[in-house]
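Here the structure comes first, spelled out in structure tokens, and everything after it is commentary.
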Amino acid sequence: MKLKKYENKELRKSKIISFVFCSLCIILLILFVYQSYGRYQDKVTFKLINGKLKMSSGSGDIEFAFYNGDKTLTTMPTKNNEEGLVFIKAECTNDAVIEWSSKNWAPTVYNLTKTKTSCSLYFGSKTEKICTSAGEESGSCYLARKSDNDKTNFAYDDTDDANLRYIGATPNNYVLFNCEKDVEPSKETCETWRIIGVMNNITEVSEDELQTETTGTHIKIIRDKFETNYSWDSSALSINTGYGVNEWSTSAIEKVLNNEYLNKQVGDNKCYKDYKEALETCPTWAEVGIKENTRTMIANIKWNTGTFETNNSNEWLAKTTYEAERSSHNGKEGCQASGGSSCNDKVDRTTTWIGKVGLMYPSDYGYAVGGDVREICLEKTMIQYKNDNCMTNDWLYVSGSDQWTMTPVPHSSNAFDVFYTSLRGGISSSHDNAAYAIRPTVYLKSNVKIVDGSGESGDPFILEL
């Protein structure tokens, strides 16, 4: 049978037009679904901040939604916003991962393997940040909740990390630590330490061969007292004129604290009390070291050991010092080119160090100031803390005692200066062979809890892992 041709040309034309129209509708519908894939229902919540997502397989929009708790925000909160919001967490489609920079106040997206990726960025209170990252049952969260109604003992610092710190002359930050095993914690069976604060964006490193890094929130504590004074470092006369080397990872006191002291054992590391490796008698580490049951509470941390680019005391404010501690500058840059006898060590310089026992930072001292003078003091360089009652409103100040920090000082003519807190009340620098107080400082594991106590001197906090 022979098929007949369309006799009605108008009908044929109409059917062709209908077919083309239906095909276009289907194509447009498919495109609409594709374009909408990965987007949120309420499109006004989006603000496109990264434009097109370029990949080897194509490109597509990456979009962000912003939230304050359950409340949708039309734009991303600005840095240092009036509401005091800080970044809490991020969730993305297509298995993408957000890394947030507090310093730059911006996200970086990783693992972009598909187009049409959407990310939700959640912001909230500083207390919420601590409780979310550390866990509701942690000691960090306990202190953050406590700080909501206590502005005398606590204050958030003005750094990008928004750390919660104990402040003032006599805050209730006492804690029992290094306790006897299987004995009721008390002042007789434990040592008294004090809480510096709840620190955010701290990098913990696993102790296995993978050395996995995890960023989180940790309580930082410092020993209330220590037995005697020691040199930060010392050296033979042929090395830096005998005054030591201002590199924390190789310093004499780092070796002692993270071997003999941490492991409660006798060892080969020496205690110094002068230049040219003049020796001091070490304590009996088996008696005063960290006990095994307490050791399990201490986190293995990547500490910051950076410093300023140059030795300019006008820059030594708490905030600028905090930033310098996290910089890429080290304690030898200033004299690197001189090559003189005070800068001739061959030690490689680092700006981070992985370990368990360190010392306070200069910025810890700076941010511990409280009382009515807090705002005044934070606008001063820390060398001026001897004025305006700054030191008398700073609990880390110890009358009649110089105390080492773990931060090197860059100098144009030597490589052996280190920051310390002066008995006169300010931050200063000294040759690291000087004998100053050593106060061990550690970060607790993030799952350590506060199970009892008020933090007062007569009723210290009690910890539990």
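Miscellaneous remarks
- Sequence-distant residues sharing a close amide H with A278 (under 5 Å, placed H): K273
- Trypsin sites (Lys or Arg not before Pro) restricted to DSSP loop in the stretch 338-392 with at most 11 other C-beta within 10 Å: K346
- Relative packing of peptides 244-250, 122-128, 449-455 - highest average C-beta neighbours within 10 Å first: 244-250, 122-128, 449-455
- Residue-wise HN-Hα couplings along the stretch 440-446, as the Karplus relation 6.51 cos²θ - 1.76 cosθ + 1.60 with θ = phi - 60° gives them from phi, are x, 9, 9, 9, 7, 4, 5 Hz; Gly and Pro carry x.
- Remark: the N94-D372 segment gains 95.0 nm on full extension, using 0.36 nm per residue and subtracting the alpha carbon distance.
- Modelled label positions at E292 and Q265, each set 7 Å beyond Cα in the direction of Cβ, lie 1.2 nm from each other.
- Residue-wise HN-Hα couplings along the stretch 365-372, as the Karplus relation 6.51 cos²θ - 1.76 cosθ + 1.60 with θ = phi - 60° gives them from phi, are 5, x, 7, 7, 5, x, x, 5 Hz; Gly and Pro carry x.
- Estimated distance in nm for a label pair at S206 and T228, the labels positioned 7 Å out from Cα along Cα-to-Cβ: 4.2 nm
- Built amide H within the under 5 Å cut-off of K89, gap 5+: Y122
- Residue order, fewest to most surrounding Cβ atoms within 10 angstrom, among S120, S412: S412, S120
- Each of S313 and T78 was given a label point 7 Å from its Cα along the Cα-to-Cβ line. The distance between the two points is 3.7 nm.
- Gain in span if fully extended, T132 to T214, counting 0.36 nm per residue against the direct Cα distance: 28.0 nm
- Residue-by-residue Karplus 3J(HN,Hα) for the stretch 103-113, coefficients 6.51, -1.76, 1.60, Hz, glycine and proline x: 5, 8, 6, 7, x, 10, 9, 10, 6, 7, 10
- Full extension of the chain between T281 and T170 gives 36.7 nm of extra length, using 0.36 nm per residue less the Cα-Cα distance.
- The candidate values are [x] 131; [y] 237; [z] 225; the one derived from this structure for volume of the Cα convex hull per residue in Å³ carries the label [z].
- Cα centroid separation - the stretch 400-457 against the stretch 105-154, whole Å: 28 Å
- Under the span-like rule (Cα at least 18 Å along the axis, Kyte-Doolittle mean at least -1.0), DSSP H helices of the chain: 9-36
Coordinate-derived values only; no laboratory data. Note that the structure is predicted; figures quoted are calculated from it, not measured. In this analysis, Cβ positions are derived from the backbone assuming ideal geometry, glycine residues included, and neighbour counts consider all displayed protein chains.
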